[in-house]
Amino acid sequence: MKLVRKDLEKDNAGQVTLIPEEPEDMWHTYNLLQVGDSLRASTIRKVQTESSTGSVGSNRIRTTLTLCVETIDFDSQACQLRVKGTNIQENEYVKMGAYHTIELEPNRQFTLAKKQWDSVVLERIEQACDPAWSADVAAVVMQEGLAHVCLVTPSMTLTRAKVEVNIPRKRKGNCSQHDRALERFYEQVVQAIQRHINFEVVKCVLVASPGFVREQFCDYMFQQAVKTDNKLLLENRSKFLQVHSSSGHKYALKEALCDPAVTSRLSDTKAAGEVKALDDFYKMLQHEPDRAFYGLKHVEKANEAMAIDTLLISDELFRHQDVATRARYVKLVDSVRENMGTVRIFSSLHVSGEQLGQLTGVAAILRFPVADLSDQEDDSSSEED
């Protein structure tokens with residue numbers, strides 16, 4: 001998604017102009033739109049014309065309309081979005097208040113105006129427009145003295161750092177210069193990894209090289225991590241995957257990505273994180289039910305006790321047409337983040353999102369048991385119905 005312009009007031013009213021570029025961007029757009037919003041986009045309107053002789057004809061004319069959104073229809077298979085509403089701005093072809101349907105498409109600009117842009121919607125725009133958020137695969141392509149640290153998105157590869165160190169050749173009886181230079185090179189690559197790879201987003205880090213460079217580098221990196229008690233690297237050790245490449249140049253990454261072991265590991269990596277979070281919730285529900293809650297009322301009570309460690313919530317809830325209900329979910333998300341909890345917004349298009357939907361769409365793993373809510377379960381379920 002490309003952000004063309006963003007005009008927000010202090011009270012968070014205002015408009016943004018966006019260009020969806022990928023089919024996935026249409027899903028983001030669907031989640032941004034709400035009934036009552038104002039949508040301005042180019043569209044085709046059938047216009048009837050009457051000639052001087054009295055004969056009536058019709059032409060299809062491209063024009064730009066501003067609609068007050070009334071219904072939103074998303075086709076997940078074709079990634080098409082149809083928005084129906086009434087015209088709210090003067091137009092020579094369409095009367096004020098007349099109904100029209102705009103079909104939003106990739107690579108076609110639109111402007112969306114809201115009376116209130118909340119934190120969840122703004123975060124979705126940030127994620128959709130920042131390629132690093134969709135890059136849940138990182139790669140370090142290296143050879144002795146040269147390394148590229150890259151982020152891999154569904155549509156492109158972004159080089160975040162290039163490390164070059166001159167490494168002297170080994171001499172008979174004296175390898176110290178070579179070893180020191182190699183250690184300096186490895187240290188710079190480790191620093192680049194820590195600086196440019198967001199392990200909260202990235203699910204897999206490929207380390208690709210010819211020969212034994214990747215093994216030697218990984219051994220060095222984790223030995224240093226143990227020595228310095230580097231929790232970031234130690235906790236994410238399982239995400240590193242070693243593969244062969246012909247060189248340390250960026251083009252060699254393509255070979256690494258074609259490796260069958262890599263393709264199986266990378267299949268739907270973003271969804272894998274959601275599946276694990278849901279699995280952790282089910283395990284907690286089975287073994288420590290006082291630390292696993294679902295249903296809006298229960299989760300809100302747990303949040304009041306500042307007990308939520310991880311909030312699991314479906315993006316479907318943020319499409320609720322009732323403004324007050326939607327605001328309630330947004331307030332919950334903001335509050336959990338303020339209390340240093342983790343928020344995972346599940347896509348209702350994924351299997352894990354469908355499963356969460358069966359649990360009312362909102363669940364939480366708690367930091368500590370909160371036992372006194374169990375007797376309110378009946379009230380909670382009846383309220384949600």
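The values are calculated or read from the model by the stated rules, or taken from the named source; none is laboratory data. Owing to the predicted nature of the structure, the values given are computational and were not obtained by experimental measurement. Heads up, the Cβs are rebuilt from the backbone with ideal geometry, glycines too, and the neighbour counts pull from every protein chain shown. Side chains included, ligands, DNA and RNA excluded: accessible areas come from the protein's heavy atoms. Shrake-Rupley method; radii C 1.70, N 1.55, O 1.52, S 1.80 Å.
A few remarks follow.
- Apolar share of the accessible surface for the chain: 47 percent from carbon plus sulfur atoms, 1.4 Å probe.
- Projected label distance in nm at Thr53 and Gln321, using a 7 Å step from Cα toward the beta-carbon: 4.8 nm
- Cα convex hull, segment 17-92: 116 Å³ per residue, rounded to a whole number.
- Overall form of segment 2-129 per C-alpha gyration tensor (a/c, 1.5; a/b vs b/c): prolate
- Stokes-Einstein D for the chain, Kirkwood Rh over Cα pairs, 10 °C, 1.306 mPa s (µm²/s): 65 µm²/s
- Using θ = phi - 60° and Karplus 6.51 cos²θ - 1.76 cosθ + 1.60, couplings along segment 239-246 (whole Hz; Gly, Pro as x): 7, 7, 10, 8, 9, 8, 9, 7
- Comparing Ser209, Ser55, Ser347 in a Gaussian network model of the chain, where Cα atoms under 10 Å apart are tied by springs, the biggest mean-square fluctuation is seen for Ser55.
- Segment 103-261, accessible area per residue, ligands and nucleic acids excluded (1.4 Å, Å²): 52 Å²
- Magnitude of the charge dipole, segment 32-114, Cβ model with Lys/Arg +1 and Asp/Glu -1, debye to 20: 120 debye
- Placed amide H near Val343: partners under 5 Å, 5+ positions off or other chain: Leu311
- All-pairs alpha carbon distance profile, segment 137-268, 5 Å steps from 0, percent: 2, 11, 21, 24, 20, 12, 6, 3, 1, 0, 0
- Residue with peak Gaussian network fluctuation, the chain [Cα springs, cutoff 10 Å], from Glu354, Glu200, Glu126: Glu200
- Size-normalised alpha-carbon gyration radius of segment 271-366, reference 2.2 N^0.38 Å: 0.98
- About its Cα centre, the dipole of the chain is roughly 2100 debye, where the only charges are +1 on Lys and Arg Cβ and -1 on Asp and Glu Cβ.
- Considering only Thr64, Thr53, Thr310, the Gaussian network model of the chain with Cα springs below 10 Å gives its largest mean-square fluctuation to Thr53.
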